[in-house]
Structures are given as C-alpha cells and as structure tokens.
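Beneath this line is the structure, given in structure tokens, with notes to follow.
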Amino acid sequence: MNDLIIQNIKELILPKSTERPLKGKELDELNIIENGTVVVKDGKVVYAGNHSDDYEANEVIDATGKVVSPALVEAHTHLVHGGSREHEMSLKRQGVSYLEILEQGGGILSTVEATRKATEDELFKKAEKNLLTMIEHGVLAVESKSGYGLDKENELKQLRVSNRLADKYNLDMKHTFLGPHAVPKDAKSNQAFLQEMIDLLPEVKPYADFADIFCETGVFTIEESRKYMQAAKALGFNVKIHADEIDPLGGLELAIDEGAISADHLVASSTEGKAKLKQSDTVAVLLPGTTFYLGKETYADARGMLDNDGAIAIATDFNPGSCVTNNLQLVMSIAALKLKLSPNEIWNAVTVNAAKAIDVDAGTINEGDKANIVIWDAPNHEYIPYHYGINHAETVIKDGKVLLDNKIQLKG
Ligand code: NIG
Ligand code: FE
C-alpha cells in the first residue's frame with residue numbers, strides 16, 4: 001500500500017532531473033502537468049504525472065485548484081547571526097552606502113560583534129526561528145554560511161549551530177565557511193587576516209561543505225580570493241565566492257577559472273565574465289532581493305547570462321544587513337520584475353538549479369526522488385511570483401509526510 005496520493009492537482013510542476021545545472025534556454029523548459037497526480041511510498045515519489053486512478057494509499061490529499069511543486073531550495077543564506085541592524089535603514093536614507101557603513105565599523109562588523117557576544121544556544125534559537133520561517137514558505141533545502149565570527153572560536157560556534165539545526169530537523173542543509181567575510185578592525189592587515197582564515201580551513205573542514213569569500217573593494221582582492229580558493233580546494237572544499245556585488249573586480253571570471261560550484265551576486269559582472277559562463281557549469285546565484293534592499297537601480301544581468309548559455313539560480317541572501325528577508329517567494333517576484341525572468345526560468349532557478357549550486361539531492365519530484373513537496377494555494381505557477389510578498393505555501397510535505405499546514409484558521 002502507498003502512503004500518500006495527491007490527487008486532482010491543477011498544475012503539477014516537474015523540473016527535469018539532470019546531472020548538470022540547466023543552462024541558457026534549458027531554463028525556460030519546465031514540465032507542467034494539468035490535472036496531475038503524485039503518489040508517495042516510504043518517503044519517495046512512486047509516480048508523478050498525468051491524472052491516474054491506478055494507485056491506492058492510506059492518505060489522499062485533494063489538490064483541486066492548487067499547484068504542486070518540489071519544495072524550494074534556498075541556495076545562499078547567512079542564517080546564523082546575532083543581533084539586527086534596523087538602525088542602518090536611517091543611515092541608508094541619509095545616503096550612506098553599504099561599503100561606507102562597513103568602513104566605519106558598522107555593517108557586517110556590527111553583526112560580528114553581536115554574534116561574538118551571543119552564546120551558542122542564543123544563536124541556535126534565533127537561527128531556528130528563521131529556518132522555520134523558511135520552511136513555512138516552502139523551503140526544505142538550505143545553504144547556511146558562517147562569516148560573523150572572524151575568529152576560530154566564533155566561526156566554529158556558527159558552524160556548529162548550522163550543523164545542529166540540520167540534525168534536529170533532518171534537513172538537506174549545506175554549511176559554508178565564510179571566514180574571509182570582512183576584515184576585523186584590529187587585524188594587522190588584510191593579508192595577515194586572510195592567512196589566519198586560510199590556516200583555519202583544516203579545523204572547520206568537519207563542519208563545512210564549502211569555503212566562501214567576499215571579494216569586493218575594501219574587503220578581499222581578486223588575488224587574495226584566488227589564494228584562498230586554491231588553499232580551500234587543496235583541502236577538498238568545494239568553493240564559492242561573493243563576487244562583483246558592488247564593483248566589477250572580475251570575481252565571476254575567477255570563479256569560473258577556479259571551477260567554483262557557484263559565483264554569487266554578480267550584479268556588476270563584466271561582459272567577459274558573462275561570456276565565460278558558456279564553457280562552465282559554475283552556477284550564477286543571483287540575489288535580486290539584495291539589490292532591491294540596497295536600493296540599487298541596476299540588477300544582475302540575468303538575461304545576458306542566459307543568452308551566454310549560463311546556469312543561474314536565485315536565492316534570498318538572507319542576512320541582517322543587505323537582505324533582511326527569508327521569504328524566497330518574495331525574491332521570486334523580484335526576479336520576475338527586475339531580472340526579467342519568465343515563470344519557468346524562476347521555478348527552475350529555485351528548485352533544480354539551486355540544488356546544483358549547493359550540491360544537494362533536491363529540487364525535483366520525479367519517480368524515485370525524495371518526496372519533498374509543496375502544495376501551493378495558487379491557481380497556477382505564474383500566480384506565485386505575481387501576487388507578491390505573502391506566503392502561498394499551504395502544505396509542506398517532507399519525506400512523504402505532512403510537516404506543516406499553513407491553512408488559515410481563526411480562533412473563535
Ligand atoms: O551577501 N556582501 C557580503 N555579505 C552579505 C551581507 C552581509 C551583511 O551585510 O551582514 C551579502 O550581501
Ligand atoms: Fe551573501
């Protein structure tokens with residue numbers, strides 16, 4: 001006997017199972033079945049396709065008028081952090097830029113202070129709440145970075161919290177060491193601090209899947225980033241990079257040269273960098289919520305990247321400074337409006353391609369896949385980015401079991 005059937009699905013979204021990330025025009029191809037059925041047994045998908053009455057199960061969910069998709073994959077977050085930075089909103093209003101705030105010891109460095117002060121359990125509780133909000137919004141696979149410790153004790157504290165969350169909720173989580181995220185005010189020099197972080201790599205290895213670096217004006221240069229990435233790769237890390245977020249330093253080209261699993265942000269990437277995507281499987285993880293929150297006019301050139309046969313994914317970049325939202329659906333809306341992506345491209349970018357960007361087995365619900373599924377209270381797949389800023393995820397199913405039901409129920 002099967003465990004669960006989801007029946008009468010108005011639109012069943014089935015991204016393609018693939019070894020490599022979807023690239024260029026492939027992102028606009030999405031299998032959408034009208035009047036679909038999904039059957040689950042032992043936590044796996046037994047059948048997903050056109051309507052079928054051939055199956056029986058212990059539980060049947062009627063999804064009449066609703067959309068069903070794989071659970072979303074959140075490929076870039078700074079989930080574990082102390083404190084908050086609401087006071088920076090008025091600085092921004094007065095025209096102080098993100099990098100100026102950082103230079104004055106605020107920004108990332110103020111979150112470093114708060115993260116160092118927080119106990120491991122305090123960090124755990126705060127990150128847990130934010131993680132549960134992500135799950136509520138339909139996410140069941142998450143990447144989580146350190147980078148607010150900037151020393152051994154506190155980087156490890158963040159990474160332990162991230163690992164404990166993955167264990168507690170048995171989630172597909174990937175953990176990233178982002179030691180070179182900013183240069184502490186008391187560092188002797190950028191180079192000396194970078195060397196400290198390189199020396200930490202062997203110690204964080206048991207807790208981290210990826211090594212990441214913030215390559216930006218006033219933070220780390222291209223040469224420093226190359227040195228770090230090469231040291232990390234030699235120890236068996238897959239590498240990532242915060243690249244070309246504000247200034248066009250050539251971070252995308254570096255990521256491709258070093259075979260990074262992803263290059264993230266890429267708002268200011270050069271024409272040469274984008275052209276290089278053709279011959280690479282490095283996933284360009286675009287974070288349009290950050291561009292929006294920083295109040296910039298220019299967004300990453302997603303269309304140019306796709307024209308160059310690039311692989312793109314979309315994520316929130318959830319963090320306490322440059323993008324304070326853990327609602328990936330909202331970022332899907334910003335991607336539609338500002339990156340000019342089609343609904344098909346957006347769905348592939350938050351499922352199968354996001355999974356490739358963080359190397360998790362997630363983002364598809366074809367036969368044999370893990371049954372991590374969302375039932376959306378929406379009449380079609382275009383509706384979710386269209387009706388923006390609210391949560392459309394109605395039922396979140398993990399390993400074939402209903403984990404969460406968001407149906408509105410008023411008391412009394
Ligand atoms: O991806 N740009 C660098 N790091 C983060 C922001 C971190 C922060 O402001 O606290 C980002 O935008
Ligand atoms: Fe980030």
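The values are calculated or read from the model by the stated rules, or taken from the named source; none is laboratory data. Every value quoted in this text rests on a predicted model; they were computed, and no experiment measured them. Note that each Cβ is placed from the backbone with ideal geometry, even for glycine, and that neighbours are counted across all protein chains shown. Areas reflect the complete protein model, heavy atoms only, side chains present, ligands, DNA and RNA absent. Shrake-Rupley method; radii C 1.70, N 1.55, O 1.52, S 1.80 Å.
Looking at (1) surrounded by fewer than 20 Cβ atoms within 10 Å (Cβ to Cβ); (2) modelled with pLDDT of 95 or more; (3) under 24 Å from R85 (Cα atoms), which one does K157 not meet, given that it meets all the others?
Among (1) surrounded by fewer than 20 Cβ atoms within 10 Å (Cβ to Cβ); (2) modelled with pLDDT of 95 or more; (3) under 24 Å from R85 (Cα atoms), the lone unmet condition for K157 is (1).
Could you grab the pairs with beta carbons closer than 6 Å, sequence gap of 6+ or different chains, first residue in region 338-349 and at positive phi and modelled with pLDDT of 95 or more, second one of a type outside the set (F, W, Y) and assigned to a helix (DSSP H, G or I)?
Sorted first by the residue in region 338-349, then by its partner, the pairs are K340/R303.
Taking region 2-20, which residues are surrounded by fewer than 17 Cβ atoms within 10 Å (Cβ to Cβ) and within 18 Å of E367 (Cβ to Cβ)?
Those that are surrounded by fewer than 17 Cβ atoms within 10 Å (Cβ to Cβ) and within 18 Å of E367 (Cβ to Cβ): K16, S17, T18, E19.
Would you please list the contacts, defined by Cβ atoms under 7 Å and residues six or more apart or on different chains, that run from a residue in region 195-223 that is assigned to a strand (DSSP E or B) to a residue that is more than 15 Å from ligand 2 (Cβ to nearest atom) and not aliphatic (A, V, I, L, M)?
F210/F237; F210/N238; A211/F237; F220/N190
Counting only residues that are open to solvent by less than 10 Å² (accessible area, probe 1.4 Å) and either over 16 Å from L159 (Cα atoms) or outside the structural domain of L79 (by TED's automatic domain parsing) (or both), how many does region 187-219 have?
Qualifying residue count, region 187-219: 6.
Determine whether region 64-72 contains at least one residue that is farther than 19 Å from N170 by Cβ, among the hydroxyl-bearing types (S, T, Y), out of contact with any Ser or Thr (no Cβ under 8 Å at 6 or more places or on another chain) and modelled with pLDDT under 95.
No, because not a single residue in region 64-72 is farther than 19 Å from N170 by Cβ, among the hydroxyl-bearing types (S, T, Y), out of contact with any Ser or Thr (no Cβ under 8 Å at 6 or more places or on another chain) and modelled with pLDDT under 95.
When the residues of region 39-60 are narrowed to those that are small (G, A, S) and open to solvent by 10 Å² or more (accessible area, probe 1.4 Å), which ends up farthest from I135 (Cα to Cα)?
Among those residues, the one meeting the criterion is S52.
Looking at A354, A349, A336, A378, which one is more than 16 Å from ligand 2 (Cβ to nearest atom), buried (at least 24 other Cβ atoms within 10 Å of the Cβ) and of a type in the set (A, V, I, L, M)?
Only one candidate passes the filter, namely A349.
M305 fails exactly one of the following numbered conditions: (1) within 16 Å of ligand 1 (Cβ to nearest atom); (2) surrounded by 19 or more Cβ atoms within 10 Å (Cβ to Cβ); (3) among the hydrophobic types (A, V, I, L, M, F, W, C). What is the number of that condition?
Of everything listed in (1) within 16 Å of ligand 1 (Cβ to nearest atom); (2) surrounded by 19 or more Cβ atoms within 10 Å (Cβ to Cβ); (3) among the hydrophobic types (A, V, I, L, M, F, W, C), M305 misses just condition (1).
Could you identify the single residue in A118, A75, A63, A127 that is among the aliphatic types (A, V, I, L, M), more than 16 Å from ligand 1 (Cβ to nearest atom) and crowded, with 19+ Cβ neighbours inside 10 Å?
Just one listed residue meets the conditions, A63.
Being open to solvent by less than 40 Å² (accessible area, probe 1.4 Å) and either away from ligand 2 (no atom under 16 Å from the Cβ) or not aliphatic (A, V, I, L, M) (or both) is the filter here, so list the residues in region 78-89 that pass it.
H78, H81, G82, G83, R85, E88
Quick check on my filter: what residues within region 328-340 are out of contact with any strand residue (DSSP E or B) (no Cβ under 8 Å at 6 or more places or on another chain) and farther than 12 Å from E382 by Cβ?
L330, I334, L337, K338, K340
Can you confirm whether P184 is part of a loop (DSSP other than H, G, I, E, B), within 16 Å of ligand 1 (Cβ to nearest atom), open to solvent by 10 Å² or more (accessible area, probe 1.4 Å) and not small (G, A, S)?
yes
Which numbered condition in (1) assigned to a loop (DSSP other than H, G, I, E, B); (2) within 15 Å of ligand 2 (Cβ to nearest atom) is the only one that A263 fails?
Result: A263 fails condition (1) only.
Would you tally the residues in region 224-247 being without any contact (Cβ under 8 Å) to a residue 60 or more places away in the chain, open to solvent by 10 Å² or more (accessible area, probe 1.4 Å) and more than 14 Å from ligand 1 (Cβ to nearest atom)?
9
Please identify the pairs in which a residue from region 101-113 that is over 15 Å from N319 (Cα atoms) has its Cβ atom under 9 Å from the Cβ atom of a residue that is among the basic types (K, R) and open to solvent by less than 30 Å² (accessible area, probe 1.4 Å), counting only partners at least 6 apart or on another chain.
I101/R85
Tell me yes or no: at least one residue of region 21-29 is within 16 Å of ligand 2 (Cβ to nearest atom), surrounded by 14 or more Cβ atoms within 10 Å (Cβ to Cβ), closer than 28 Å to N163 by Cα and touching a residue at least 60 places away in the same chain (Cβ under 8 Å).
no
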